[in-house]
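What follows is a single structure, written as structure tokens, with notes after it.
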Amino acid sequence: MTTLFRRAYPPAELPAGAYWWLPFCGPDVVVREDDGQAALLYGGMDVVAGLEFEPPVLLGSLDGVPCVSCQLSSTAELPTGWHAIGLRELYGKLDDALYGIAGYAAHLLLWQRTSRFCPVCASSTEPMQGDWGRRCSKCGHTRYPQLSPAILALVHDGDRVLLTHKPGWSARYSIIAGFVEPGESLEACVQREVEEEVGVAVANISYVGSQPWPFPDQLMIGYMAEYAGGMLEIDTAELDDAAWFHVDALPELPPPMSLSRRIIDAWAASRRRELLDGQSSFRA
Ligand SMILES: [Zn+2]
């Protein structure tokens, strides 16, 4: 089943009827327990009646059903059967489309909380029409929700992949990641981050996919790149290990929700297919 999420922008107002509700308690999404499973709250304004909350935000509609978020008071007492759950913990417990909207809601609520005052003159800001921007009521400075682009880069060399480990990551290894600097293309960022973190050169950089990562405002952009030379030289300010792993001897990897894991899985599946094809043609 395909789902269609249509975004709404100010000054769109809440329509009458029932909505998918995404209330937040601090950084956590409030869901209800339905037969042991997490489910979104659904209904009209009566759903949050009796709770203290900031003005609701209309995010858009999913297959025609409005999706509404609001920040609950930090001291709100949740009704029986409601639970406040962190976005990371909620992964896999909601339909993918609803989970994506929960991430969007978290990002927008953060923007609402942090954009009330002008960064230039400290006067209050006002909402703009047609998007989520805010304009200073005194000096006219405008701002829009912040997005922080960051690249992910899987470096491969035949049957082996270069994985890195950061302090505090238990046994898990992942691919190289880093924020895009001002004035930098995504491809240049891949080259720079790989060079800075592990000291090697890469070539044939190809785009794999992207993922909003609302922790708190990142957009992950994933690449694969071929190893093109150089000895491993680890940036110990960021990493405590980096090593080549054979496709059949991978270490513990990031959780399935992450784009980094999907890139590693996609590379490993394609390498294993090529290895199998090579073996069968050898036998023939
Ligand atoms: Zn101002």
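Can you give the net charge of the other residues whose Cβ lies under 14 Å from the Cβ of residue 131, counting K and R as +1 and D and E as -1? Net charge in that neighbourhood comes out at +3.
Summarising the strand pairing of the range 5-114, around 80 percent of its internal DSSP beta bridges are antiparallel. Highest mean packing comes first when the peptides 123-135, 182-194 are listed by Cβ atoms within 10 Å, giving 182-194, 123-135. Around the amide H of residue 178, modelled in the peptide plane, lie the amide H atoms of 151, all under 5 Å away and 5 or more residues distant in sequence or on another chain. Spherically averaged projected area of the convex hull of Cα atoms, the range 148-283: 8.7 nm². Computed from backbone phi, the HN-Hα couplings of the range 173-184 come to 10, 8, 8, 6, 9, x, 6, 6, 8, x, x, 10 Hz, rounded to whole numbers (Karplus: 6.51 cos²θ - 1.76 cosθ + 1.60, θ = phi - 60°; Gly and Pro given as x).
Where does the charge balance sit around residue 81 when Lys and Arg score +1, Asp and Glu -1, over other residues with C-beta under 12 Å from its C-beta? Residues close to residue 81 contribute a combined charge of -2. Within the range 5-114, all pairs of alpha-carbon atoms sorted by distance into 5 Å bins from zero give the percentages 2, 12, 25, 27, 22, 10, 2, 0.
Once Rg and the Kirkwood radius are both taken over the C-alpha atoms of the chain, their ratio Rg/Rh works out to 1.04. Computed from backbone phi, the HN-Hα couplings of the range 92-108 come to x, 9, 10, 3, 4, 5, 5, 5, x, 5, 4, x, 4, 4, 4, 5, 5 Hz, rounded to whole numbers (Karplus: 6.51 cos²θ - 1.76 cosθ + 1.60, θ = phi - 60°; Gly and Pro given as x).
Bridges between two residues of the chain, per DSSP, are antiparallel at a rate of about 75%.
The value of relative contact order for the chain, using C-alpha pairs under 8 Å at least six residues apart, is 14 percent. With 5 Å bins beginning at zero, the pair-distance distribution over Cα atoms of the range 67-208 amounts to 2, 7, 11, 12, 12, 14, 14, 12, 8, 5, 2, 0 %. For the peptides 107-116, 46-55, the ranking by mean Cβ contacts within 10 Å, running from highest to lowest, is 107-116, 46-55.
For residue 241, the residues 5 or more places off, or on other chains, whose built amide H falls under 5 Å of its own are 165.
Values quoted throughout were computed directly from the atomic coordinates according to the rules given, and no laboratory measurement underlies them. Because the structure is a prediction, the values reported are computed rather than measured. For neighbour counting, all protein chains shown are included, and Cβ atoms are generated from backbone atoms with ideal geometry for every residue, glycine included.
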